[in-house]
Every structure is written in C-alpha cells, then in structure tokens.
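Reading through the structure tokens given below for one structure.
The values are calculated or read from the model by the stated rules, or taken from the named source; none is laboratory data. All of these numbers come straight from a predicted model, not from anything done at the bench. Using ideal geometry, Cβ is built from the backbone for each residue, glycine included, and neighbour counts are taken over all protein chains shown. For the accessible areas, the whole protein counts, side chains as well, though only heavy atoms, and no ligand, DNA or RNA atoms are used. Shrake-Rupley method; radii C 1.70, N 1.55, O 1.52, S 1.80 Å.
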Amino acid sequence: MFDPLLANSVGLLWHAIPIIFAISLVYGATRHELLKPILLHAYHTAVWIVGFMLIIVAILVAVSWFV
C-alpha cells in the first residue's frame, strides 16, 4: 500500500548525504594531516555511518511488521 508519509520521508533522506559527507571529512581531518589519509578515513567513516543507519532501518522495519 502507498503511504504518503513514507514518500515525504524518502525526500528527507537526501539531506543525509551531505551531512554524512561533512561529518566523515571533519572526523577524518581531526585524525590525520595529509589529504590521502583524510579521504581514506572519511570513506571508511561514511561506510560505517551508512551501514549503521541501514541496520537501524532494518530493525525499525522488522519491528513495524510485528506491531
């Protein structure tokens, strides 16, 4: 079934991309001084954040199916 509230929230997920990008770069820059290690650390941090968010979404979807 189509849920209009879900359609609105998917649009809000596009705001997460620049936020994840900024957080990852700032966190990487606080750990390293050279550009290559900063970008590598930022990439790993971004993957970790996205993975964590996907796990939380999966848990929330599973809970919503059982409730």
Can you work out the FRET efficiency for the pair residue 43 and residue 12, with r the C-beta to C-beta distance and R0 = 22 Å, to the nearest 0.05?
0.35
Nearest-10 value in Å² for the accessible area of residue 39, using the 1.4 Å probe
90 Å²
Using 0.36 nm per residue of separation minus the Cα-Cα distance, give me the extension gain between residue 60 and residue 22 in nm, one decimal.
11.1 nm
Accessible surface of residue 30 in the full protein assembly, 1.4 angstrom probe, to the nearest 10 Å²?
90 Å²
Lys and Arg at +1, Asp and Glu at -1: neighbours of residue 39 with Cβ under 13 Å from its Cβ sum to +1
